[in-house]
Amino acid sequence: MSARYDAVLVGAGHNGLVCAAYLARAGLSVLVLERRETAGGAAVTEELFPGFRFDSCAHRLGHLDQVLAPLPGGDHLAIWRDPDKTVEEIRRHSPDDAARWSRFGAAMAPAVRFLGHMATATPPELPPAASRDLLAFMELGLRLRRLGRRELTEVLRVLPMSAAELLDEWFESEPLQGLLAALGVTGLFLGPRAAGTAYLLLGGLSAEAEVLRPTELVTGGMGRLTEALASAALANGACIRTGVEVERIRTRDSTVTGVVLSDGEEIDAARIVSNADPKRTFFGLVEPTELDPEFIRKVKRVRTRGAFAKVHLALAELPRFEGTAGRPELLEGVVRISPSLDYLERAYDDAKYGGVSRSPYLEVVIPSLTDPTLAPPGQHAMSVYVQYAPYELKEGSWDAHRREALGDRVVGTLSEYAPGIDEAILDRHVTTPADLEEVYGLTGGCTSHGEMALDQLFFMRPVPECAQYRTPIRDLYLCGAGTHPGGGVSGTAGYNAAREVLRAGKRAK
């Protein structure tokens, strides 16, 4: 006889683990199925070379509160956790920008608070299908109304802007503009002058005085976080099986009945919650005959354009970024190579025509500087987020030659700011957008399961029919980054999905 569960989770990414933990805590019998041998999805830590451990994909929590932005010619801009130190640093580049820094944070705070509330709210259906949707609309309306007319007008004006337009209104120095604009395009196949990128930029800000939201590097690597989430799910009674692949979601009369594994094993379930991206769920796991053709067309139109790659470097010594001699604390946060708006826009220009950026935007972390367990004594592990590296190339595909060419380009770019780094490299590992799809199951190499653009957010994420985490197939839910509020390692999508699954269960009773 097949085992039967109240809920089966497809995929053990961090959102799936969060969802499983909440469902199990509510008393449901829960099974999590993961294709890879390790739970965690794209938030895992792996030993790529003997003694060196790296965060394979996601390498930080939150946003940025300590940043080093190296600049051409050996100078730099540093953002600190201490707001006063930050103001003094900005003053070196522009006294006017230093005077505006705290005012900028205060002016953006209402929009940031509103977005923070929206993140944990279930998007209402359009048009409202039930009283709960009307109540959700009313609650959002009330929150906007409480802002006051002046603040409300500013929120509605800013959200659809481009990052470049917003920053041009406030700041004049190229280094500060470049550093902040990167918040608005990270993970997007868009440049800083594209409409809506101010929305993502605001997501990296704080409603408090420090302006930037705090970020954290997890001791022991991101994998420790997902290990803790898995432990929480297990402690609440969930079961987790790794190394098993779900071949299809079984249905009858447009209602889920269970899953079939690649080895033929069948598992019955009252509910299925997919942590896979929407395209992989509907086109790889569900029988197409169960879906309306118009719904299929909508899901196909969801943009999953991978924009980045990852390069991991095993280093014999700490890299010597110009201007940081004797100040290793400058490298303890994030090192961001995005010296201006124009630099970011040119990097995007290369990619939109199917090429890898000649001078890419890089986000660098050296977690072994504060966590020596990640590398052998005296040596360091460096992870480099690389944008833009398009999944679809104008010529050819991501073969071994292009993989190594990308690695060479990243090392070459780093060498412009940290001379001699190439001589310190003991080994390197390049993860291309094609690898992200093949290894981690991310369609198109898109880590957010769908582009975080204005037309793919809130009640349009991933499509209106699934914005409440439910799907057109009864008792099939989504809980991954393809749902609201989107990408990033927060677990909010998993939390929201669990809430909706439990609400549906109460209504059914």
Two-site FRET efficiency, R248 against D455, from Cβ-Cβ distance with R₀ of 30 Å, rounded to 0.05: 0.50
I need the calculated FRET efficiency for the pair A228 and M118, taking r as the beta carbon distance and R₀ as 25 Å, to the nearest 0.05. 0.40
Give the separation of the Cα centroids, the stretch 263-325 to the stretch 48-107, in Å. 29 Å
What does the accessible area of L414 come to, in Å² to the nearest 10, when a probe of 1.4 Å is used? 0 Å²
With label points built 7 Å along Cα→Cβ from the Cα atoms of R358 and D263, find their separation and express it in nm. 5.3 nm
Report the one residue of W170, C479, F54 whose Cα lies farthest in the direction of the positive end of the charge dipole of the chain (charges on C-beta: Lys and Arg +1, Asp and Glu -1; origin at the Cα centre). C479
What is the calculated FRET efficiency for A325 to E392, with r their C-beta to C-beta distance and R₀ = 30 Å, to the nearest 0.05? 0.10
Note: the chain, point scatterers on Cα, Debye, no solvent; log10 I/I(0) at q = 0.08, 0.11, 0.13 Å⁻¹ equals -0.50, -0.95, -1.31
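Arrange the residues V273, V244 by how much accessible surface each exposes, largest first, with a 1.4 angstrom probe. Write out the running numbers ahead of the final one.
Values: V273 0, V244 25 Å².
My answer, sorted largest first, is V244, V273.
Find, among the GluC sites (Glu not before Pro) in the stretch 2-49, those assigned to loop by DSSP (not H, G, I, E, B) with at most 12 other beta-carbon atoms within 10 angstrom. Please report the intermediate quantities before stating the final value.
Numbers: sites: E34, E37, E46, E47; in loops: E37.
Counting only loop positions with at most 12 other Cβ atoms within 10 Å, the GluC sites (Glu not before Pro) in the stretch 2-49 are E37.
Of all accessible surface on the chain at a 1.4 Å probe, what whole percent is carbon and sulfur?
Numbers: 10520 of 20890 Å².
Carbon and sulfur atoms account for 50 percent of the accessible area of the chain.
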Restricting to DSSP H runs of at least four residues, report the calculated mean residue ellipticity at 222 nm for the chain, -39500 (n - 2.57) per run over all residues, nearest 500 deg cm²/dmol. -11000 deg cm²/dmol
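What GluC sites (Glu not before Pro) does the stretch 334-415 have in DSSP loop regions with at most 12 other beta carbons within 10 Å?
Working: sites: E345, E363, E392, E395, E404; in loops: E392, E395.
Answer in residue order: E395.
So how much slack lies between E294 and T255, counting 0.36 nm per residue of separation and subtracting their Cα-Cα distance, in nm? Display every interim value, and only then the final one.
Numbers: separation 39, 0.36 × 39 = 14.04 nm, distance 1.90 nm.
Taking 0.36 nm per residue and subtracting the Cα distance, the gain is 12.1 nm.
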Using 0.36 nm per residue, how much length does the chain from T219 to A316 gain when fully extended, once their Cα-Cα distance is taken away? 32.8 nm
Phi to ³J(HN,Hα) by Karplus 6.51 cos²θ - 1.76 cosθ + 1.60 over the stretch 417-426, Hz, x for Gly, Pro: 10, 10, x, x, 5, 4, 6, 8, 6, 8
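For the stretch 386-450, state which trypsin sites (Lys or Arg not before Pro) are in a DSSP loop and have at most 15 other beta carbons lying within 10 Å of their beta carbon.
Listed in order of number, the matching sites are K394.
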For labels at R103 and A195 in the simple 7 Å Cα→Cβ model, what's the distance in nm? 2.9 nm
How much length is gained if the chain between R301 and D349 is pulled fully straight, taking 0.36 nm per residue apart and subtracting their Cα-Cα distance, in nm to one decimal? 15.0 nm
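Hey, what's the chain come to in accessible area per residue, 1.4 Å probe, Å²?
Numbers: 20890 Å² over 509 residues.
With all protein chains present, the chain gives 41 Å² per residue.
Hull surface divided by four, with the convex hull built on the Cα atoms of the stretch 445-497: how many nm²?
On the way: hull surface 14.1 nm².
Projected area, direction-averaged: 3.5 nm².
Restricting the count to DSSP beta bridges whose residues both fall in the chain, what percent are antiparallel, rounded to a multiple of 5? Working shown, then result.
Details: 44 of 64 bridges.
Roughly 70 percent of the DSSP beta bridges within the chain come out antiparallel.
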Would you grab the residues whose amide H sits under 5 Å from the one on R250? Only those 5+ places off in sequence or on another chain, please, with H modelled 1.01 Å from N. T257, G258, V259, V260
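Place a +1 charge on the Cβ of each Lys and Arg in the chain and a -1 charge on the Cβ of each Asp and Glu, then give the dipole magnitude about the Cα centre in debye, rounded to the nearest 20.
Using Cβ point charges on Lys, Arg, Asp and Glu, the chain gives about 1940 debye.
The values are calculated or read from the model by the stated rules, or taken from the named source; none is laboratory data. Keep in mind that this is a model prediction, so the values were computed, not measured. Backbone-built Cβ (ideal geometry, glycine too); neighbour counts: all protein chains shown. Calculation scope for accessible area: heavy atoms of the full protein, side chains included, ligands and nucleic acids excluded. Shrake-Rupley method; radii C 1.70, N 1.55, O 1.52, S 1.80 Å.
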